[in-house]
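Written below as structure tokens is the structure these notes are about.
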Amino acid sequence: MTVNPEDKLHSQQVYACDDALAERQLACLEVLYDFNHTRPSEIEKRTQLMQQLFAEIGEGCYIEPPLHANWGKHTHLGQNVYVNFNLTLVDDTHIYIGNDVMIGPNVTIATAGHPIDPLRRQQVTQFNIPVTIGNNVWIGAQCVILPGISIGDNTVIGAGSIVTRDIPSNVVAMGNPCNVSREINEHDKIYFYKEKRY
């Protein structure tokens, strides 16, 4: 029976990186290189490359280059996802992004981690745990989302946040570490920014 070298990526166990994985990863990185070198007017070409790169991509998605990804093919995007400059996807296992998600510039979504124990880490080992982002989420600029995190529907993650734990639906959360600041409420239906009315 042939063992797929990629199976260990999705096992959620610690494993050692090897040449077989690096060779498979190279194919994804080649497509990513082509995407990042498209001209701004080449929207159709970008769309075709995104379809090659990702596991799933819904209609109406727009990603502003440059995009960085370990694999690409482990990332699943819903419909109408907007991504600003410099998204980094450490997608050694699955990243699920829902519909109508907005991602600000310089965001990192990481599924991979390394052991704290120095001897195990020295052996170039890692583990991967999936990340899930719900529908209609806004992730502000400079956020980092760590392995295993789930973010609920309609939630806003404030700029510069480090998301180290799950965040529920319908809240504004921010900080390092990211904590729920408040629920989204009636005030948000009247004011779009501080005391500025619609």
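The values are calculated or read from the model by the stated rules, or taken from the named source; none is laboratory data. The structure presented is a predicted model; accordingly, all values stated were derived computationally and were not measured. Note that each Cβ is placed from the backbone with ideal geometry, even for glycine, and that neighbours are counted across all protein chains shown. The accessibility values were calculated without ligands, DNA or RNA, using every heavy atom of the protein model including side chains. Shrake-Rupley method; radii C 1.70, N 1.55, O 1.52, S 1.80 Å.
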Proximal lysines relative to Lys73, as straight alpha-carbon distance under 25 Å, when same-chain residues fewer than 8 apart are discounted: Lys8, Lys45
Could you please state how large a percent of the accessible area of the stretch 79-198 is carbon and sulfur, counting protein chains only and using a 1.4 Å probe? 55
Below 8 Å, C-alpha to C-alpha, sequence gap of six or more: please give me the relative contact order for the chain in percent. 13
Inter-part distance where the stretch 44-99 and the stretch 128-198 are each reduced to a Cα centre, Å: 20
Range of Cα positions in the chain per principal axis (Å), largest first: 61, 45, 26
Rounded, prolate or oblate for the stretch 29-75? Axes are the square roots of the Cα gyration tensor eigenvalues, ordered a ≥ b ≥ c, and the cut-off for rounded is a/c under 1.5. oblate
A chain fully extended from Ala27 to Gln79 at 0.36 nm per residue, minus the present Cα-Cα distance, gains in nm 16.2 nm
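So which GluC sites (Glu not before Pro) in the stretch 18-117 are both in a DSSP loop and have at most 16 other Cβ atoms within 10 Å of their Cβ? All intermediate terms of the calculation are to be shown ahead of the outcome.
Working: sites: Glu23, Glu30, Glu42, Glu44, Glu56, Glu59; in loops: Glu42, Glu59.
Loop-located and lightly packed - Glu42, Glu59.
Quick one: dipole size for the stretch 56-162, taken about the Cα centre, charges +1 on Lys/Arg Cβ and -1 on Asp/Glu Cβ, in debye to the nearest 20. Working shown, then result.
Details: 3 positive and 8 negative charges, 73 e Å.
Dipole about the Cα centre, nearest 20: 360 debye.
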Rounded to a whole number, what is D in µm²/s for the stretch 99-168 from Stokes-Einstein with the Kirkwood radius over alpha-carbon pairs (4 °C, 1.567 mPa s)? 101
As I understand it, the value is the acute angle between the Cα axis of helix 43-53 and the longest principal axis of the Cα atoms of the chain; what does it come to in degrees, rounded to 10? 50
Residue-normalised value, i.e. accessible area per residue, for the chain at 1.4 Å probe, in Å², stands at 56
Arg182: accessible area at probe 1.4 Å, nearest 10 Å²? 90
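Which whole number in µm²/s is D for the stretch 40-125 by Stokes-Einstein, with the Kirkwood Rh taken over Cα pairs at 37 °C and 0.692 mPa s?
Values: Rh = 13.8 Å.
Answer from the Stokes-Einstein relation: 238 µm²/s.
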Would you mind checking the tilt of helix 19-36 against the longest principal axis of the Cα atoms of the chain, expressed as 0 to 90 degrees and rounded to 10? 40
With +1 on each Lys and Arg Cβ and -1 on each Asp and Glu Cβ, and nothing else charged, work out how big the dipole of the chain is about its Cα centre, in Debye to the nearest 20. 540
Going by amide H atoms built from the backbone, whose H comes under 5 Å of the H on Ile184, apart from near neighbours? Val171, Val172
